[in-house]
Amino acid sequence: MAKYITKRILKGIVTFLITITLTFFIVRLMPADPATLLMDPRMSEAHRQQLLKDFGLDKPLIVQYFSFLRNLLKGDLGISFMQKRPVMDIIMEKLPWTLLLMTITQFITMAVGIPLGIYSGHKRGSLFDQIVNAVAIFGISIFVPWLGFTLLYIFGYNLAILPIGGAHTPGIDGGLEYFLDVGKHLILPVITLMSIYLANYVLYTRGSVIDVLSEDYIRTARSKGMKEMRVLWKHASKNAMIPTVTTAGLMIGRMVGGAVLTETVFAYPGVGRMIYQAVSQQDFPILQGAFIILALSVIIMNIITDILCAYLDPRIKLE
Amino acid sequence: MLELKKKSSFRKRWEKEIKAFLNHKIGMIGLFGVIFLVIVAILAPVIAEPVSGYGNYEDKLLKPSSEHLFGTDDMGLDLFSQVVWGTRSSIKVGIIAVILALAIGVPIGLISGYYGGIFDTIGMGITDIFLTIPMLPLMIIIAAIAESNSINMVAFIIGIFSWPSIARITKSSTLKVCGMQYIEAAKCLGIKTKSILLKHVLLNASTPVFINLTIVMASSIVTESSISFLGLGDPLTHSWGKILHNAYQSGAFGTAWWYSLFPSLAIIFFVISFNFLSMGVRDALNPRISRE
């Protein structure tokens, strides 16, 4: 197991290095260089050169790249163009909210999606299965911002039972009240973000349950006279979950994209909304930093999922 | 004679598959949906007059009526026309994304599947990385720094990041095909690698790739809409995401339900149609799954 974990972490480090290299060169090689975008067109050429020098943009690309890496290792992601504060500080204020939103969504999605998939795979072809399938396909096709707006419109404005945005009510802090307040603000964003991923979990689990139920060991369990429900939940479900957990890793990357949209719609103060604001302000250090931190979070979560998979299915380690 | 016989059995298989597809209700709904979208895209100039600039102030946020089927936006512009013209952009983005995904994904999949070894390690390593990193934020960054945000540019950005799933599918079906005896036979006959790859491997791997393409098509529209919704789309072209962006910006989504509803329904219709089509094709070509 230790060997597998080491290997997996090394792979994660390589992935991260390639990701940041890619980001660096994409940002630098774009037709519009950051300096030109950053500066007012009315600035003089001398001023422009000075600014380029200040940001270290006058040096050769490769020198810039290595100083970028060096700074990154020190946790320095540069200074925000707009807020004139270190990018790292700004991101660290926002990241906990995004991680909270994503972790809760991930857990609820799995807790609801996997049993639903197992049961509808077991009841294959029944009315229940067909309804679950139809809803799942509709869920995959739904457009996140629209679902968000609709929920906001119904629960936030019309019924006015849930907050219309933000992550907590200013003024309330500490204690149970704060906890409940944060929870209340999470309800709509979590439902919105869940919609697409829930369908994926249901369909994947359903497919693998169908495969697993035709295995020999299931027949053995049945012929021992075991009750069908016990066969399903004790024997079949464990193996059926493996492909689902494997794809969970991939799903996290896509969920980050969904989080950008969800946070924007609900004015949720996370990294996703920060990206949206940075786009309209053309704040490149923020964009680049946000992407690097998000990619790092996704890579770490992927490593955790993979280790979890290896624990569930010892065969994986042998590959 | 042998040639003739081979052809007829090939045709028989095709006939069977087409028949299976025609009997697949969901697949047929998808096919009709896709045909409908293509017709709307082609006939856009006939169906609705293009709108641009500022409309009449009196026409601001009108409810759907016989004159304005989908109502009007906060500029007083007809939403029906914008949704119809948005279909055109969506189809265009989808086609460009699919072509790019094919052009990058298929060669990577073919080479890593056929040659294996170091090619496989590098090819699939890159694919894995692209599958892991969060794509939407990366595309947002590129769209934000790109000099022009024409619809072609957006489509290009989506396309160059849509290939990983195609590469994976191509690789796994290449592996499957390469294990067949006829590929070995072709190698023994001294047929050039290039022609084995193109003629035998590619032809046989084309079915799963095609099924995946419809999914790429559907997801490229969701991505385009997301990018446009965030205000990074082409300001001069009508797109469903752009209408939603305007609805969000104007703050009218709470009062004018038609403003955000119709473009959203269009996106859902587009995605469902292509997903249904892919289900139909998959089941028709792979009867084992359809029985399940």
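Per-residue mean of other chain beta-carbon atoms within 10 angstrom of the beta-carbon, peptide B:267-276?
Across B:267-276, the average partner-chain Cβ count within 10 Å equals 3.
Among the trypsin sites (Lys or Arg not before Pro) in the range A:179-253, which ones are in a DSSP loop with at most 12 other Cβ atoms within 10 Å of the Cβ? Mind listing them?
Within the range A:179-253, the qualifying trypsin sites (Lys or Arg not before Pro) (loop, at most 12 other Cβ atoms within 10 Å) are A:224, A:227.
Rounding to the nearest 10 and keeping the result within 0 to 90°, find how far the Cα-based axis of helix A:87-122 lies from the longest principal axis of chain A.
Around 20 degrees separate the two axes.
Can you give me the angle between helix A:271-281 and the longest principal axis of chain A, using Cα atoms only, in degrees from 0 to 90, rounded to the nearest 10?
40
Determine the relative contact order of chain A: mean sequence separation of Cα pairs under 8 Å and six or more apart, normalised by residue count, in whole percent.
Values: 313 pairs, mean separation 84.0, N = 319.
Once divided by the residue count of chain A, the mean separation gives 26 percent.
Subtracting the Cα-Cα distance from 0.36 nm times the residue separation, let me have the gained length for residue A:315 to residue A:296 in nm, one decimal.
Numbers: separation 19, 0.36 × 19 = 6.84 nm, distance 2.72 nm.
In short, 4.1 nm is gained.
Strictly over 30 Å apart at the Cα level, which of A:59/A:94; A:123/A:224; A:3/A:123 would you flag in this model?
Long pairs (Cα-Cα over 30 Å): A:59/A:94; A:3/A:123.
Taking the Cα-to-Cβ direction at residue B:69 and at residue A:180 and moving 7 Å from each Cα, how far apart do the two end points lie in nm?
5.0
Give a quick list of trypsin sites (Lys or Arg not before Pro) in the range B:37-137 that DSSP marks as loop, anything other than H, G, I, E or B, with at most 16 other Cβ atoms within 10 Å.
B:60
Could you let me know the centre-to-centre spacing of the range B:18-45 and the range A:102-148, using Cα atoms, in angstrom?
The two parts, judged by their Cα centres, are 26 Å apart.
Return the tail of the calculated pair distribution for the range A:197-262, meaning the percent of Cα-Cα pairs more than 18 Å apart. Spell out each step's value before the answer.
Details: 980 of 2145 pairs.
In whole percent, the long-distance tail amounts to 46.
What FRET efficiency comes out for the pair residue B:22/residue A:282, r = Cβ-Cβ distance, R0 = 60 Å, nearest 0.05?
The computed FRET efficiency comes out at 0.70.
Could you calculate the FRET efficiency of residue B:160 with residue A:222 from 1/(1 + (r/R0)^6), where r is the beta carbon distance between them and R0 is 41 Å, rounded to 0.05?
Working from the Cβ atoms, E equals 0.25.
Over the range A:92-281, what relative contact order in percent results from Cα pairs under 8 Å that are six or more residues apart?
In percent, rounded to a whole number, it is 35.
Add +1 for every Lys or Arg and -1 for every Asp or Glu among the other residues with Cβ under 13 Å from the Cβ of residue B:245, and state the total.
That works out to -3.
Any idea how far apart residue B:128 and residue A:211 come out in nm if each label point goes 7 Å out from Cα toward Cβ?
With each label placed 7 Å out from Cα toward Cβ, I get 1.9 nm.
Based on the alpha-carbon gyration tensor of the range A:92-281 and its eigenvalue square roots a ≥ b ≥ c, which shape applies: rounded if a/c is under 1.5, prolate if not and a/b is larger than b/c, or oblate?
prolate
Using DSSP to define loop residues, name the GluC sites (Glu not before Pro) in the range B:145-234 whose beta-carbon has at most 12 other beta-carbon atoms within 10 Å. Write down the numbers at each step before the final one.
Details: sites: B:147, B:184, B:224; in loops: B:147.
Within the range B:145-234, the qualifying GluC sites (Glu not before Pro) (loop, at most 12 other Cβ atoms within 10 Å) are B:147.
Please list, or write none, the lysines whose alpha carbon is within less than 18 Å of the alpha carbon of residue A:7, excluding same-chain residues fewer than 8 places away.
Here the lysines satisfying the reach criterion relative to residue A:7 are A:317.
Quick one: compute the contact order of chain B, relative version, from alpha carbon pairs under 8 angstrom and 6+ residues apart, as a percent.
27
Which value, in Å to one decimal place, does the Kirkwood hydrodynamic radius take for chain B when every pair of different Cα atoms is included?
Final number for the Kirkwood radius of chain B is 21.3 Å.
Size of chain A along its principal axes in angstrom, Cα-based, largest extent first?
85, 55, 39
Are any of the pairs A:184/A:234; B:12/B:171; B:176/B:199; A:11/B:176; B:25/B:171; B:16/B:194 more than 23 Å apart by Cα-Cα distance, and if so, which?
From the list (A:184/A:234; B:12/B:171; B:176/B:199; A:11/B:176; B:25/B:171; B:16/B:194), the Cα-Cα distance tops 23 Å for A:184/A:234; B:12/B:171; A:11/B:176; B:25/B:171; B:16/B:194.
Report the Cα centroid-to-centroid distance between the range B:227-256 and the range A:216-251 in angstrom, as an integer.
So the two Cα centres are separated by 46 Å.
Using the Cβ atoms and a cut-off under 13 Å, what net charge is assigned to the surroundings of residue A:132, where Lys and Arg are +1 and Asp and Glu are -1?
+2
List the aspartates and glutamates whose alpha-carbon lies under 14 Å from that of residue B:92, not counting same-chain residues fewer than 8 positions away?
Straight-distance partners of residue B:92: B:224, B:234.
Suppose only helical runs count, i.e. DSSP H with n ≥ 4. What mean residue ellipticity at 222 nm does that imply for the protein assembly as shown under -39500 (n - 2.57) per run, divided by all residues and rounded to the nearest 500 deg cm²/dmol?
After summing the helix terms and dividing by the residues of the protein assembly as shown, the value is -24500 deg cm²/dmol.
Report, to the nearest 10°, how far helix A:45-54 tilts away from the longest principal axis of the Cα atoms in chain A, using its own Cα long axis and a range of 0 to 90°.
Between helix and principal axis, roughly 50 degrees.
What FRET efficiency, computed as 1/(1 + (r/R0)^6) with R0 = 41 Å and r the Cβ-Cβ distance, is obtained for residue A:61 and residue A:103, rounded to the nearest 0.05?
The value I calculate is 0.60.
How many times 2.2 N^0.38 Å is the alpha carbon radius of gyration of the protein assembly as shown?
Scaled against compact globular proteins, the figure is 1.03.
Tell me the label-point distance for the pair residue A:70, residue B:99, using the 7 Å Cα-to-Cβ offset, in nm and rounded to one decimal.
4.6
Counting Lys and Arg as +1 and Asp and Glu as -1, what is the net charge of the other residues whose Cβ lies under 15 Å from the Cβ of residue A:183?
With Lys, Arg at +1 and Asp, Glu at -1, the neighbours total -2.
I'd like to verify something in chain B: which complete DSSP H helices, judged by Cα projection on the helix axis, reach 18 Å or more and average at least 1.0 on the Kyte-Doolittle scale?
Membrane-span-like by this criterion, though nothing is claimed about a membrane: B:25-42, B:79-115, B:117-132, B:202-229, B:257-285.
Read-outs: derived from the displayed coordinates by stated rules, not from any lab. On a predicted model such as this, the values are computed, not experimentally measured, just so you know. Note: ideal-geometry Cβ built from the backbone for every residue, glycine included; neighbour counts use all protein chains shown.
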